[in-house]
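First the structure, in the form of structure tokens, and then the observations on it.
The values are calculated or read from the model by the stated rules, or taken from the named source; none is laboratory data. On a predicted model such as this, the values are computed, not experimentally measured, just so you know. Glycine also receives a Cβ, built like all others from the backbone with ideal geometry; neighbour counts cover every protein chain displayed.
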Amino acid sequence: MGQLKLAKAKGTILAELKKIERADLLILDDFGLQPFDAQSRASLLDIIEDRHQKRSTVVTSQIPVKEWYDVIGEKTIADAI
């Protein structure tokens, strides 16, 4: 998420999201160790939507899925993810 924030500041966010979308396998390791801010939530949703039914995504976390709502911080986006 830090790289995506930097890319947004540089104006290269779309190129970064495209690179992530094209990766055959995306591994989100240690998901949810830090809560998401609004920009990170939106980026995560974009990534998941872009990859849905196209490429593989693996999410690993020590946080139970039922607690992801609190980590993601917005119920509607958490449902979509």
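Results, tabulated for the structure shown:
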item	result
Test result for A15, of a type in the set (A, V, I, L, M) and loosely packed, with under 14 Cβ neighbours inside 10 Å	yes
From the options K54, K66, residue that is more than 18 Å from G2 (Cβ to Cβ) and assigned to a loop (DSSP other than H, G, I, E, B)	K54
Subset of segment 72-81 that is β-branched (V, I, T) and more than 10 Å from the chain's Cα centre (by Cα) - its residue that is surrounded by the fewest Cβ atoms within 10 Å (Cβ to Cβ)	T76
Close pairs (7 angstrom Cβ cut-off, 6 or more residues apart or separate chains): without any contact (Cβ under 8 Å) to a residue 40 or more places away in the chain in segment 3-23, assigned to a helix (DSSP H, G or I) and small (G, A, S) anywhere	L4/S43; I13/A7; E16/A7
Selection count where residues are assigned to a loop (DSSP other than H, G, I, E, B) and not aliphatic (A, V, I, L, M), scope segment 1-24	3
Residue list for segment 28-62, restricted to those being surrounded by 14 or more Cβ atoms within 10 Å (Cβ to Cβ), more than 22 Å from L14 (Cα to Cα) and not polar (S, T, N, Q)	F31, G32, V59
Residues (farther than 21 Å from A38 by Cα and within 12 Å of the chain's Cα centre (by Cα)) located in segment 56-71	T57, V58
Every pair of residues 6+ apart whose Cβ atoms lie under 8 Å, when the first sits in segment 60-81 and is of a type in the set (S, T, N, Q) while the second is buried (at least 16 other Cβ atoms within 10 Å of the Cβ) and at pLDDT below 95	T60/F31; S61/F31; S61/G32; S61/W68
Tally of residues being in a loop (DSSP other than H, G, I, E, B) and either in contact with a strand residue (DSSP E or B) (Cβ under 7 Å, 6 or more places away or on another chain) or polar (S, T, N, Q) (or both) across segment 25-48	2
Matching option when the condition is polar (S, T, N, Q), under 11 Å from the mean Cα position of the chain (by Cα) and modelled with pLDDT under 95, among Q34, Q39	Q39
